[in-house]
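Participant: The structure's right below; bear with me while I get my questions together.
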There are 2 protein chains.
Amino acid sequence: MSPYRTVQRKRDGFELTPAEITSFMNGYRDGHVAEYQVAAFLMAVFFRGLTTAELHALVEVMLRSGDTVVLDDVPGIKVDKHSTGGVGDKVSLILAPLVASLGVPVPMMSGRGLGHSGGTVDKLESIPGFRTDLTLAAFRAQMKKLGCALIAQTDEIAPLDRSLYALRDVTATVESIPLIASSIMSKKLAEGLDALVLDVKAGNGAFMPEPARAEELARTMIAIGESYGKRVVAYITAMDRPLGTAVGNALEVIESVECLRGGGPADLREVTLTLAAEMVMLGDGAPDRDAARSMAAAALDDGRALERFRQIVRAQGGDVSAIDDTDRLPAAPIRVDVAAARTGTVTAIDVRAIGLAAVALGAGRANLKAVIDPAVGFLVHVKPGDSVERGHAIAQVHAADEDSAARAVTELSAAITIGDGDAAFLPLIGPRITASR
Amino acid sequence: MSPYRTVQRKRDGFELTPAEITSFMNGYRDGHVAEYQVAAFLMAVFFRGLTTAELHALVEVMLRSGDTVVLDDVPGIKVDKHSTGGVGDKVSLILAPLVASLGVPVPMMSGRGLGHSGGTVDKLESIPGFRTDLTLAAFRAQMKKLGCALIAQTDEIAPLDRSLYALRDVTATVESIPLIASSIMSKKLAEGLDALVLDVKAGNGAFMPEPARAEELARTMIAIGESYGKRVVAYITAMDRPLGTAVGNALEVIESVECLRGGGPADLREVTLTLAAEMVMLGDGAPDRDAARSMAAAALDDGRALERFRQIVRAQGGDVSAIDDTDRLPAAPIRVDVAAARTGTVTAIDVRAIGLAAVALGAGRANLKAVIDPAVGFLVHVKPGDSVERGHAIAQVHAADEDSAARAVTELSAAITIGDGDAAFLPLIGPRITASR
């Protein structure tokens, strides 16, 4: 089958055979299929979708394009969590050591910031010395020792997905449910996990803002996982506001440590405990979800989760003293409050705009070569529905210089709408979704 | 506006501004917009279409990407004809000198064979010495002298269309009405014409087989022409059979000369006279269409059209003796009849398959570098609905060797279905379409 025919058949709504998808994608890898043909294919998929069989074939060819980790010598049911990405989402930093401290191994490979959203790897790297570039051998060794490792996806994992993602990112073909689902699941399936909890974000700061579409994405990922014999559970959670207060790398580490000490913002703790309970259940670590949640809350409150985090930081070369005293983390020289322009109610937060403002400040990458400033970012004090008083601080900007601080203040003010009406917002924890069997 | 945003906006069904289309396409030409981004854009256009304003902007940027011919010093209303392409369509060779002989100037730039369809330029080049690569200055000079020139589209005409077409050809984005219409019209508008007759083919040998889609293509092209102040009239004509009998370059020249002598197949003469009458009317050369048609028939029958063709051939370096004695044209050494396998009625002809069989025989190009054999091709003696008798010749193959002849006989037999039922076929001359004003 020629690449042309494959594009044409997808365009015209025919179901491609697994062999056709495999041949097209392997042709892309070895240069026989041109990038412009793949771009046309991706846009056709955007409009036509993928059938279950097509989706499975695509995941399979992406998964087989690289290494897969075998963690058979790590005892227990390995459970990971994946979030579809948002602003202020530092849950992985808390959740991974927390669940590992409860005896459920967590093999976690994370990404860097993408577009307006932050990345776990970038956040971890704001801890002085912390290395996320472990070899797969070191990853396995640490899994055996600590039941948890927090690393960046290596180049050996699903290289085809990396090429496809880079192409989607410049051809406006990112926002396709089957393409998002296959990208995420091919990487996760390569990690050596047995079960997975998905945190699928909805709201204006999510890549798939409409809750119904977020649910469809969740169901698509669950179906892929199940076809590989992995148990997958998903939650739709709110991204029509930043999660927690801190946005920015070191600021989010500080907030994560607060949560690991039993404190931190209520919404961050709630999402963390909900996902932790689900992971513990999948890992056969508790008799029921309520018990699992209580165990997780106790591990946050009594310091076990924090201690596991300290061990992970030390094992991965990080400076533990910066966890024990977060004043030793990178800090920005300029701090400017953002004052409410009027008295009223926070009726909406443009989370995507806040994420982009953080990128502009230096907390993320405007392009692949940009260097991140770990110290900069925001504290956003308000949530939709909060009452605010004119002149009171609704947020704080942490910046490297006065100019970028001033720009960020303007952008934050514009992103937080204060009005008189009621605020319509998503439930923090939305539907729990499981395989429909 | 970034190229990404332009692709995304088209993908999501927003109307692009003229500036956005111009900037995207100029970016493609100067390398700032990548081929894969254009490929994704073209596929998005396949699904979303183009609004009238978008279409106009695309035509404009293609037209302005190259030279345009000014024929103001050629007296009269310049009228051209364009066919959307098919098998055995040699009408241009007859029509252009015919209409010019009636006093209406015809500035005709044609293409080469494309896919299964033949090209006027390839046919003309089977006349020994005939040159289609005139400069635009020579084109203008011949227009003044003979009122007609038959040349290939030069590299200076709409180079952006050429790049886009090459990309569409490998990304399965050819079959899009706005992309076909803008491609054709940008080239035609660059020719210096005042009015245009479109021969839009329908049927299985056409690029847009369904008559309703062919009509939509016609209306789209008419709207573009009218927006440039050009009068455009279209006919839908049948391409569920080859036009005339001959398929192949020299064979089609011979048949054209027969028609220019007042003979030739009835369907070829009918299509030619219909289009000629329309061109004469658009060129203000007759009081009504019946009169125009009678004038055209007379010019075929009394030798005026042939004499103009001889003058054109001579002016463009061709050997006129090969027109006067067509036995001097290239001829194939092998001639094999295709016999009817049974007695019955021709119920269907797979015209596309016949076109592809002709390409395989050497009458067209399987790839851009292939060299055409001007001598090879077919005579197809039957039309849908004809009664045939087992063993009688329904076609003749003209080939360079026995092997390719044998393959072509098999392919032709398979392409002509003989059955017992009624044949369903299109009217030779379908609807006449004009601007809806």
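Participant: With a 1.4 Å probe and all protein chains kept in place, how do A:Ser65, A:Ser387, A:Ser294 rank by accessible area, largest first?
Facilitator: Values: A:Ser65 20, A:Ser387 100, A:Ser294 75 Å².
Correct descending sequence by accessible area is A:Ser387, A:Ser294, A:Ser65.
Participant: Still on this structure, I have one more. Tell me the Rg and the Dmax, in Å, that the Cα atoms of chain A produce.
Facilitator: Final numbers for Rg and Dmax: 21.5, 66 Å.
Participant: Here's another thing I want to ask about it. Principal axis lengths of the range A:209-248 from Cα atoms, whole Å, largest first?
Facilitator: Cα extents, longest axis first: 37, 21, 13 Å.
Participant: OK, next. If the label point is 7 Å along Cα→Cβ of B:Ser227, which residues in the range B:6-26 have backbone nitrogen under 11 Å from it?
Facilitator: B:18
Participant: Now a separate question. When only alpha-carbon atoms count, how far does the range A:59-208 stretch along each of its three principal axes, as whole angstroms with the largest first?
Facilitator: Taking max minus min along each principal axis of the Cα atoms, the range A:59-208 gives 43, 33, 28 Å.
Participant: Say a label goes 7 Å from Cα toward Cβ at B:Gly103 in every copy; what distances in nm does this one have to the rest, shortest first?
Facilitator: Listed shortest first, these distances are 10.4 nm.
Participant: So, one more: Determine which residues of the range A:219-257 fall in the zone a paramagnetic label at A:Asp284 would reach in this model, i.e. backbone nitrogen under 18 Å from the point 7 Å along Cα→Cβ.
Facilitator: Under cut-off, by backbone N: A:229-233.
Participant: Consider just the alpha-carbon atoms of the range A:220-337 and return their Rg together with their Dmax, both in angstrom.
Facilitator: Every Cα atom of the range A:220-337 included, Rg and Dmax give 16.7, 51 Å.
Participant: In addition: From the helices alone, meaning DSSP H stretches of at least four residues, give me the mean residue ellipticity at 222 nm for the protein assembly as shown, per-run term -39500 (n - 2.57), in deg cm²/dmol to the nearest 500. The partial results should precede the final answer.
Facilitator: On the way: 34 runs with 400 residues, N = 874.
Value at 222 nm, helices only, nearest 500: -14000 deg cm²/dmol.
Participant: For the range B:1-74, divide the Cα radius of gyration by the Kirkwood radius and give the resulting Rg/Rh value with two decimals. Write out the running numbers ahead of the final one.
Facilitator: Working: Rg = 13.6 Å, Rh = 12.9 Å.
Rg/Rh for the range B:1-74 comes to 1.05.
Participant: When Rg is the radius of gyration of the Cα atoms in the range B:317-368 and Rh is its Kirkwood radius, what does Rg/Rh come to?
Facilitator: Details: Rg = 16.2 Å, Rh = 14.6 Å.
Reported Rg/Rh, Kirkwood definition of Rh: 1.11.
Participant: Remind me, relative contact order of the range A:339-437 in percent, using alpha carbon pairs under 8 angstrom and six or more residues apart? Kindly include the intermediate steps, with their values, before the conclusion.
Facilitator: Working: 165 pairs, mean separation 41.0, N = 99.
Reported as a whole number, the value is 41 percent.
Participant: Could you work out, for the range A:38-78, what percent of all Cα-Cα pairs fall into each 5 Å distance bin, beginning at 0 Å and stopping at the bin that holds the largest distance?
Facilitator: 5, 18, 16, 18, 14, 10, 7, 7, 4
Participant: Same structure again: Quote the FRET efficiency, to the nearest 0.05, computed for A:His32 versus B:Tyr4 with a Förster distance R0 of 45 Å and r equal to the Cβ-Cβ distance.
Facilitator: Details: r = 27 Å, r/R0 = 0.59.
FRET efficiency, A:His32 to B:Tyr4: 0.95.
Participant: Next question, about the same structure. With the label 7 angstrom out along Cα to Cβ, how close does B:Arg213 come to the same site in each of the other copies, in nm, nearest first?
Facilitator: Going from nearest to farthest copy, the values are 2.8 nm.
Participant: From the Cα trace of the range A:148-285, what convex hull volume per residue do you get, rounded to a whole Å³? Don't skip to the end; give the middle numbers.
Facilitator: Values: hull volume 18.5 nm³, N = 138.
Output value, Cα hull per residue: 134 Å³.
Participant: Along each of the three principal axes of the Cα atoms of the range A:66-153, give the extent in whole Å, ordering the values from largest to smallest.
Facilitator: Result for the range A:66-153: principal-axis Cα extents of 38, 27, 26 Å.
Participant: Semi-axes of the equivalent ellipsoid for the range A:1-132, please: Cα gyration tensor eigenvalues, times 5, square-rooted, ordered largest first, whole Å. Numbers along the way, then the final one.
Facilitator: Numbers: eigenvalues 262, 68, 41 Å².
Ellipsoid semi-axes (Å, largest first): 36, 18, 14.
Participant: Computed FRET efficiency, Cβ-Cβ of A:Val320 and A:Glu402, R0 35 Å: what is it to the nearest 0.05?
Facilitator: 0.55
Participant: At a temperature of 37 °C and a viscosity of 0.692 mPa s, determine how fast the protein assembly as shown diffuses translationally according to Stokes-Einstein, using the Kirkwood radius over alpha-carbon pairs as Rh; express D in µm²/s, rounded to the nearest whole number. Don't jump to the answer; show the numbers that get you there.
Facilitator: Values: Rh = 31.3 Å.
In µm²/s, the coefficient rounds to 105.
Participant: Determine the order of B:Arg131, B:Arg112, A:Arg241 by accessible area, beginning with the largest, at a probe radius of 1.4 Å.
Facilitator: Working: B:Arg131 130, B:Arg112 105, A:Arg241 25 Å².
Accessible-area ranking of B:Arg131, B:Arg112, A:Arg241, largest first: B:Arg131, B:Arg112, A:Arg241.
Participant: May I have the pair-distance distribution P(r) for the range B:235-295, computed from all Cα-Cα distances with 5 Å bins from 0 and rounded to whole percent?
Facilitator: Taking every Cα pair in the range B:235-295, the percentages come to 4, 18, 23, 21, 18, 11, 5, 0.
Participant: Another question, if that's okay. State, as an integer percentage, the relative contact order of the range A:29-171 based on alpha-carbon contacts under 8 Å between residues 6 or more apart.
Facilitator: Working: 147 pairs, mean separation 42.1, N = 143.
Over the range A:29-171, the number comes to 29 percent.
Participant: Give me the one-decimal Kirkwood hydrodynamic radius in Å for the range A:116-195, with the sum taken over alpha-carbon pairs.
Facilitator: When all Cα pairs of the range A:116-195 are included, the Kirkwood radius is 14.4 Å.
Participant: P(r) for the range B:380-437: what percent of alpha-carbon pairs falls in each 10 Å bin, starting at zero?
Facilitator: Here the calculated profile for the range B:380-437 is 17, 37, 24, 14, 7, 1.
Participant: Shortest first, in nm, what separates the label point of B:His392 from those of the same position in the other copies (7 Å along Cα→Cβ)?
Facilitator: Here B:His392 shows inter-copy label distances of 9.9 nm.
Participant: Give the Rg/Rh ratio for the range A:287-416, taking Rg as the radius of gyration of the Cα atoms and Rh as the Kirkwood radius, to two decimals. Each step should come with its number before you reach the end.
Facilitator: Values: Rg = 18.6 Å, Rh = 17.3 Å.
With Rh from the inverse mean 1/r over Cα pairs, Rg/Rh is 1.07.
Participant: Could you sort B:His392, A:His56, B:His398, B:His32 by accessible area so the largest value comes first, with the probe set to 1.4 Å? Mind dumping the intermediate values first?
Facilitator: Numbers: B:His392 105, A:His56 70, B:His398 10, B:His32 145 Å².
The ordering from most to least exposed comes out as B:His32, B:His392, A:His56, B:His398.
The values are calculated or read from the model by the stated rules, or taken from the named source; none is laboratory data. This is a predicted model, so every value here is computed, not measured. Here Cβ is always computed from backbone atoms with ideal geometry, including for glycine, and neighbour counts include all displayed protein chains. These area figures cover heavy atoms from the full protein model, side chains too; ligands, DNA and RNA do not enter into them. Shrake-Rupley method; radii C 1.70, N 1.55, O 1.52, S 1.80 Å.
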